[in-house]
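Worksheet: one structure, shown below.
The values are calculated or read from the model by the stated rules, or taken from the named source; none is laboratory data. From a predicted model like this one, the values you see are computed outputs, not experimental measurements. In this analysis, Cβ positions are derived from the backbone assuming ideal geometry, glycine residues included, and neighbour counts consider all displayed protein chains. Heavy atoms of the whole protein, side chains included, go into the accessibility calculation; ligands, DNA and RNA do not. Shrake-Rupley method; radii C 1.70, N 1.55, O 1.52, S 1.80 Å.
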Amino acid sequence: MQGDHGVPTADRRITALLSVATAAVMLAGCGRFMPQDPNDAPWKTGGLTVVETQSANGPLAPACPTLAEARTAVPALVKGPDINTTVFKDMVLQCGYEFADNDVQGRPAGIGILVFDASAEGKTMWDSVKTDPSWGAIVDIPSLGDVADVAFASGTSGHNDVWVVKGTYAFHMSHLRQSGVPGEQFVALARAMLAGLARAG
């Protein structure tokens, strides 16, 4: 991405998926277990996970779908939301959910939703993803057209990342479940997230 206000493209690509294996939200390799720069987030230092003071009390906390709402979209979820409202660069909210099964590293698999301030870039927020072949195939999600300004998926079926822009917010959803998450369920969770952002104002 261009401009000082937005998170640089490299930061966005390696912005982490929330791991809900512990009570503290930590960041893991987003989407494809990509390496992470230790400067990407204050709770990552030298490649080691470091617990950082975080808050679940910010004004956007109600935007995270409740567990019941999340399970309506993705029935296999068993825990969440793990909420972090601590602002880092343009990332203003993190919502994490957990499955009963483990990821490839033996930790509980999870879904992470990272919400960004898109007030500066608007609909162009995720344009660099569409032109970066490392994200794989890009497919628009027309079923979210009634509630989102931009909505598309990247990656392969069952292992997609979802990218959405609505007004002044943009979010990126990804998961680490080995067996995958059906695309329609991921889209339904994105719709729940959009409803949550509308609820939070």
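Farthest toward the dipole's positive end in region 118-201, which of Gly136, Gly196, His159, given Cβ charges of +1 (Lys, Arg) and -1 (Asp, Glu) about the Cα centre?
Looking along the dipole axis, the top candidate is Gly196.
Multiply the residue separation of Asp146 and Arg199 by 0.36 nm, subtract the distance between their alpha-carbon atoms, and state the gained length in nm to one decimal.
The span from Asp146 to Arg199 would gain 17.4 nm if fully extended.
May I ask you to derive the FRET efficiency for Arg107 and Thr131 from their Cβ-Cβ distance with R0 = 45 Å, giving the value to the nearest 0.05?
0.90
Does region 118-174 come out rounded, prolate or oblate by the C-alpha gyration tensor, with a ≥ b ≥ c the root eigenvalues, rounded set by a/c under 1.5 and, if not, prolate when a/b is larger than b/c and oblate if not?
Oblate is the answer for region 118-174, as a/c is 1.5 or above yet b/c matches or exceeds a/b.
Rounded to whole Hz and in sequence order, give me ³J(HN,Hα) for region 151-157 from the Karplus expression 6.51 cos²θ - 1.76 cosθ + 1.60, θ = phi - 60°, writing x for Gly and Pro.
Once θ is set to phi - 60°, the couplings for region 151-157 become 7, 8, 10, 10, x, 10, 3 Hz.
Would you work out if region 103-201 is rounded, prolate or oblate? Take a ≥ b ≥ c from the square roots of the eigenvalues of the alpha-carbon gyration tensor; rounded if a/c is under 1.5, else prolate when a/b is larger than b/c, oblate otherwise.
Judged from the Cα gyration tensor, region 103-201 comes out prolate (a/c at least 1.5, a/b above b/c).
When each pair of different Cα atoms in region 144-201 is counted once in the 1/r mean, what is the Kirkwood radius in angstroms, to one decimal?
11.7 Å
Using θ = phi - 60° and the Karplus curve 6.51 cos²θ - 1.76 cosθ + 1.60, what whole-Hz ³J(HN,Hα) does each residue of region 128-142 get, with Gly and Pro shown as x?
Coupling constants for region 128-142: 5, 5, 5, 9, 9, x, 5, 7, x, 4, 10, 10, 5, 10, x Hz.
Taking only protein heavy atoms into account and a 1.4 Å probe, give the accessible area per residue of region 65-125 in Å².
Per residue, region 65-125 has 38 Å² of solvent-accessible surface.
As an exercise, use a Förster radius of 22 Å and the Cβ-Cβ distance of Ser119 and Asn57 to find the FRET efficiency, rounded to the nearest 0.05.
That pair, Ser119 with Asn57, gives E of 0.50.
Residues with amide H under 5 Å of Val78's amide H, sequence separation 5 or more or different chain, H placed in the peptide plane at 1.01 Å from N; which?
Amide H neighbours of Val78, under 5 Å, 5+ apart: Glu98, Phe99, Ala100.
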